[in-house]
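Quick note: the coordinates plus some simple rules give every number you see, no bench work behind them. As the structure is a prediction and not an experimental result, all values here were calculated from the model. Quick reminder, even Gly has a Cβ in these numbers, built from the backbone with ideal geometry, and neighbours come from all protein chains shown.
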């Protein structure tokens, strides 16, 4: 057999649910670059029609479908070596407060159907493992930092329905292993930052200092406030909130690295940078990148949201030691990419 045909035959197939989402897009691109054949599943409920270069990649196939349909998922999972469970109803912090029941109910149906299909596909012989995308919100109620893998089992459960449901995802993973021996990896992204995120279909209009928030995610919303000339800049909450902003491509590299790594089987990992930045420092950095020293930075604080966690700081040692994963892109570098993208998105009406 010619070597080129052998290489094609040996390509592993990866299924990504929620492939048209913000993080999903980064994962698909990284998987294709890493030599996987990728099948994406998405109902396009978040952003509508997908506009991405990878749509035309010969090794990518997008199936428009609902991740709550276990029969559809099983049919697709039977063709896969790996599945990444990324589909979820998700949004910024305003989403947590506007759709608390829908987030809980919809996402529970999605993860149950995903596990049902994966359990059956695994028993059929090809599927090796199910990789679950959880969230830093499982540590929502912690009172000590940094948050290490395992802390979520020792602290009070999350107060938000979104955080509680993401903790439930982790219980699904372990229960599917305990009863059906379906191998798993649990991955927790922390504050993903990148390009491609835009105003969601059916998004909630939240006004902050005369500017309508695009996603209620702090980086793109602060960028658009400053680009639109807001002065002083309005911060939701005190500005003392601490975050670790992680570049989407770095995050995707960690996800893909975990698929076939022997140390990832039946393990959980925080995927994040270790660089800690306050919301106020973030706003100042964006201001300087947009205005330089021509205008003094001024800000005002306004009431935040109930579930705006004040500190979200991960322990990243486990991923570094067991997976060799480090998120190395600095916030400064991220903003050099995000600010021009948001500027263009504003001009084209995406946000």
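In the elastic network of the chain, a GNM with C-alpha springs shorter than 10 Å, the most mobile of 218, 38, 276 is 276. Identify which of 24, 125, 254 has the largest mean-square fluctuation in a Gaussian network model of the chain, with springs joining Cα atoms closer than 10 Å. The residue that fluctuates most here is 125. Per-residue Cβ neighbour counts within 10 Å put 144, 262, 135 in the sequence 262, 144, 135, beginning with the fewest. Output the 0 to 90 degree angle, nearest 10, between the alpha-carbon long axis of helix 22-33 and the longest principal axis computed from the alpha carbons of the chain. Value to nearest ten degrees: 50.
What's the angle, to the nearest 10 degrees (0 to 90), between helix 218-227's Cα axis and the longest principal axis of the chain? Relative to the chain, helix 218-227 is tipped by roughly 40 degrees. If you run the Gaussian network model on the chain, springs between alpha carbon atoms under 10 Å, then out of 313, 226, 27 the most flexible one is 226. If both residues of a DSSP beta bridge must be in the chain, then about 10% of such bridges are antiparallel. Listing 181, 82, 291 from fewest to most neighbouring C-beta atoms within 10 Å gives 181, 291, 82.
Ordered by the number of other Cβ atoms lying within 10 Å of each residue's own Cβ, fewest first, 30, 154, 275 fall into the sequence 154, 275, 30.
Matching the structure-derived log10 I(q)/I(0) by the Debye sum over Cα atoms at q = 0.07, 0.14, 0.16 Å⁻¹ against the labelled list (i) -0.29, -1.17, -1.53; (ii) -0.36, -1.24, -1.51; (iii) -0.24, -1.07, -1.48 gives the label (i). Principal-axis analysis of the Cα atoms of the chain puts helix 161-180 at an angle of about 20° to the longest axis.
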